[in-house]
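Asker: Submitted below is the structure of interest, expressed as structure tokens.
Any read-out appearing in this document is the output of simple, stated calculations on the displayed coordinates, not a laboratory observation. Small disclaimer: the values here were computed from a predicted structure and weren't measured. Don't worry about glycine lacking a Cβ; one is built from the backbone with ideal geometry, like all the others, and counts go over all protein chains shown.
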């Protein structure tokens, strides 16, 4: 596939050829991702519908399958209203920053041992940096909208995101201590050898902290005070309409998929099979479920995404001071204690995880 | 060639945005220009294959420090600083400080042993090239925790002391404010709140 592309573009100068091939790779990554985002919104409405004993969207296309397409078309043809006295440049830059960072983080996500856009040494740090820059989308949107509601919500949301980033960063420190690498591919390979070798077991508290911080980072229920309808109408994007609004929406869902993907890469063995190394399975006709494949990664990420939706359907919204308390006074101490525990486990070489 | 283009492009962005940062009237815009300048410097560091420093610059300064900066600036609502308030008065001091900073940086970086002189003789790309499998993060970690471990730990302690001092200086307990105690709220049981009283059924007369 890639060879064909190289031969097709061989008449071009080398630097131009490299750029074209990188662009093609980006497109190959982003098109399924954006489709995934579109159908995640559909899945969300359907699943929450079923949880609340409703049917969910079922009018557009067979069983409502074309609903996300219809939504996209509707949003694209709506007018983008720019409020009076708003800073036009920053107002339009904010959604771009949100989606840009949400998509740029995908560059270092590996899908199997070879399939990765940019095999960066410090991949984990890069992802942390990208998600921390994403907060500017929120702040700039709130400030440039020239609206009290948007401003208050931006302050609230960004304080929340910055606070949970610390707990998230500490959780990642635990992962890199266990795997001794910042490269996501190496982290997954460090977990090979069946379900018992995954970092889920020794790093279980960090997994919980990471995932809940991920929910808070993406401003999802039950931590969605950024858009608390009861107090501040719709949050930092209250002044946005049409495509500008839906870009924030896309960024939120792309971030959700990213968090699920990363959690499955770092704690759930990524593309490795949970049945790896079991002889009965390897010798039977079901050998394919014992081998590593991208399907496992997608299945794990899909399960974590289901948790996102499940949380939204189940939990009532947190109060703001309790969100802050959870982040600072519960999660950060837990992660620090557990990093110390990992140090001890390393020292005594416990289990298959710390015997290098 | 490509590297030279990228270098000049982003160093121009860094310098111009730094100039804009100090000359723009609106403090929020000034903060955004500072963010842009940080970004451009991070990219220049990436060109030197110092990926750890570049990413940490973005992570710490752009992702955390500047967010808090923006917070303060947005909350204070200083809107537009008055035109040239004391600009001429502080100009000589500013120039002096800038000159001292410039010469102290030059004194450190201009030395032969700091390795900066290689850039004069070699192009950027070869000066910073490393062997296959070189990890900037690992090398920095090794240096920080072996050769410079005392300096590193002292810096960490200083930062910790600064954090404690900043919090204890600004934190004041007001005697009359009332707080909720989430621990008590969470641990409340329905037995403490509700008393179910059994009332015997009476016959209707």
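Asker: Cα extents of segment A:200-263 along the three principal axes, largest first, in whole Å?
Answerer: Per principal axis, max minus min of the Cα coordinates gives 46, 24, 10 Å.
Asker: While we're looking at this one, here's another question. With a 10 Å cut-off between alpha carbons and a GNM built on chain A, which of A:188, A:73, A:209 moves the most?
Answerer: Greatest mean-square fluctuation among the candidates belongs to A:73.
Asker: Which angle from 0 to 90°, rounded to the nearest 10, does the C-alpha axis of helix A:332-348 make with the longest principal axis of chain A?
Answerer: Long axis of A:332-348 versus the principal axis of chain A: about 10 degrees.
Asker: Right, next: How many times 2.2 N^0.38 Å is the alpha carbon radius of gyration of segment A:112-184?
Answerer: Taking N as the residue count of segment A:112-184, the ratio is 1.43.
Asker: Against the longest principal axis of chain A, how steep is helix A:148-179, in degrees 0 to 90 to the nearest 10, with axes from Cα atoms?
Answerer: Once rounded, the angle reads 10 degrees.
Asker: For segment A:90-220, would you read off the P(r) tail past 27 Å as a percentage of all alpha carbon pairs?
Answerer: I get 27 percent for the Cα pairs in segment A:90-220 exceeding 27 Å.
Asker: Let me check I have the definition right: for segment B:1-81, take the eigenvalues of the Cα gyration tensor, multiply each by 5, take square roots. What are those semi-axes in whole Å, largest first?
Answerer: So the three semi-axes of segment B:1-81 are 27, 16, 5 Å.
Asker: Oh, and also: Which value, in Å³ per residue, describes the convex hull spanned by the Cα atoms of segment A:1-147?
Answerer: 210
Asker: Find the relative contact order for chain A and round it to a whole percent, using C-alpha pairs within less than 8 Å whose residues are 6+ positions apart.
Answerer: 20
Asker: Give me the one-decimal Kirkwood hydrodynamic radius in Å for segment B:136-199, with the sum taken over alpha-carbon pairs.
Answerer: For segment B:136-199, the Kirkwood estimate is 17.5 Å.
Asker: Taking a label point 7 Å from the Cα of residue B:65 along the Cα→Cβ vector, which residues of segment B:149-188 have an amide N closer than 20 Å to it?
Answerer: Hits in segment B:149-188 for residue B:65 at 20 Å: B:151-167.
Asker: Give me the orientation-averaged projected area of the Cα convex hull of chain A, in nm², one decimal.
Answerer: 21.8
Asker: Can you give me the pair-distance distribution of segment A:235-356, C-alpha pairs, 10 Å bins, whole percents?
Answerer: 11, 21, 33, 23, 10, 3, 0
Asker: Return the inverse of the average 1/r over all pairs of distinct C-alpha atoms in segment A:257-312, which is the Kirkwood hydrodynamic radius, in Å to one decimal.
Answerer: Result for segment A:257-312, one decimal place: 11.9 Å.
Asker: Would you mind computing, in nm to one decimal, how far apart the modelled labels at residue A:22 and residue A:293 are, each placed 7 Å from Cα along Cα→Cβ?
Answerer: 3.3
Asker: Tell me, what is a quarter of the convex hull surface for the C-alpha atoms of segment A:180-287, in nm² with one decimal?
Answerer: The Cα convex hull of segment A:180-287, projected and averaged over all directions, gives 10.0 nm².
Asker: Please arrange A:285, A:192, A:163, A:98 by counting, for each residue, the other beta carbons lying within 10 Å of its beta carbon, fewest first.
Answerer: A:285, A:192, A:163, A:98
Asker: Got a sec? How would A:353, A:348, A:106 order by Cβ neighbour count within 10 Å, fewest to most?
Answerer: Going from least to most buried by this count: A:348, A:106, A:353.
Asker: Springs between alpha-carbon pairs under 10 angstrom, Gaussian network model over chain A: which of A:156, A:220, A:325 fluctuates most?
Answerer: A:325
Asker: Applying a 10 Å radius around every beta-carbon, put B:39-45, B:70-76 in order of their mean neighbour count, most first.
Answerer: So the order, starting with the most tightly packed, is B:39-45, B:70-76.
Asker: Could you tell me the calculated FRET efficiency between residue B:53 and residue A:89, based on Cβ-Cβ distance and R0 = 25 angstrom, to the nearest 0.05?
Answerer: Result of the calculation: an efficiency of 0.25.
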